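Remarks on the structure that follows.
The values are calculated or read from the model by the stated rules, or taken from the named source; none is laboratory data. Given the structure is predicted, the values throughout are model-derived calculations rather than measurements. Cβ coordinates were reconstructed from backbone atoms using ideal geometry, including for glycine residues, and neighbour counts include every protein chain displayed. Accessible surface is based on the protein model in full, side chains and every heavy atom, while ligands, DNA and RNA are left aside. Shrake-Rupley method; radii C 1.70, N 1.55, O 1.52, S 1.80 Å.
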Amino acid sequence: MKGRLHSIETFGAVDGPGIRTVFFMQGCPARCLYCHNPDSWNPGEGRDIDIDEIVHWAVRGIPYYGEKGGVTFSGGEPLLQGEFLIEAINALKKEGIGSAIDASGTYVDEFTDGAVEASDLVLLDIKHTDPERFKIITGREQDTLYKLIDIINKHDRHVWIRNVVVPDINDTEEDMRALNDFIKQIKHIDKVELLGYHTMAVQKYGKLGITYRLKGVPPMDAERLAELKKLIEY
Ligand code: SF4
């Protein structure tokens, strides 16, 4: 079976615990306002990758993974290729390598249950707690996020929550309270990360000829972000 790959990062240190090999899978159904990987959107781009190559790259990292590290499938939206993920994660398990899925909450299908069950950890983006703002940010309905949370809870998977904080979109104390309330429905949370919006991807949009819709929005102020982080309870 073949998957569609955007790129591979070896020695990844931010997409899950420990040192990780990160496979950025190609294709995403969402169009987030602040996406820094618009080149990962089109499922027809990127290149093919098979399970053997996934295992080949992942095994090379074994000396560095330690107890916590392993593989992360990110994107794009990796659950767009759920069937491939199930096969890849199970092949990695045979090598003693655990896997995390970095999911946007904008997509689920009939393979999502199996992919989450096979994984050890889900990195879950909460794009917004409010359904209308979720749609404004992602271009997608929020029901997929609830469905994914149900699947995660059903399999007792542990979760790292991620929330990108954007000035004037979700940077108020009320937004943080709403986030605290929202994540109460998730059974096992290991970490909550607030990530400040940045503008580093703007040039990429220019090169791709795609309009950057947050033009003029400043990067998230670091001090303000630190204040908001103090409000997160879990
Ligand atoms: S889900 Fe991720 S890859 Fe897809 S548009 Fe949003 S930020 Fe970009």
* Kindly establish whether Val108 is surrounded by 21 or more Cβ atoms within 10 Å (Cβ to Cβ), in a loop (DSSP other than H, G, I, E, B), modelled with pLDDT of 95 or more and more than 12 Å from the chain's Cα centre (by Cα). => yes
* over 18 Å from Tyr34 (Cβ atoms) and of a type in the set (Val, Ile, Thr): does that describe Ile183? -> yes
* To do: Report yes if Asp221 is among the acidic types (Asp, Glu) and open to solvent by 50 Å² or more (accessible area, probe 1.4 Å), otherwise no.
  => yes
* Do we find a residue being within 16 Å of the ligand (Cβ to nearest atom), open to solvent by 70 Å² or more (accessible area, probe 1.4 Å) and over 26 Å from Ile186 (Cβ atoms) anywhere in the range 95-103? -> no
* For the range 119-129, how many residues meet the condition of being away from the ligand (no atom under 14 Å from the Cβ) and open to solvent by 10 Å² or more (accessible area, probe 1.4 Å)? -> 3
* Quick check: anything in the range 196-203 surrounded by fewer than 15 Cβ atoms within 10 Å (Cβ to Cβ) and aromatic (Phe, Trp, Tyr)? -> no
* Structure fact -> Within the range 60-88, residues surrounded by 22 or more Cβ atoms within 10 Å (Cβ to Cβ), within 19 Å of Pro17 (Cα to Cα), without any contact (Cβ under 8 Å) to a residue 60 or more places away in the chain and touching an Asp or Glu at 6+ places or on another chain (Cβ under 9 Å) come out as Gly70, Phe73, Ser74, Pro78
* **Enumeration of residues in the range 67-78 that are away from the ligand (no atom under 16 Å from the Cβ) and either modelled with pLDDT under 95 or closer than 18 Å to Asp109 by Cβ (or both)** => Glu67
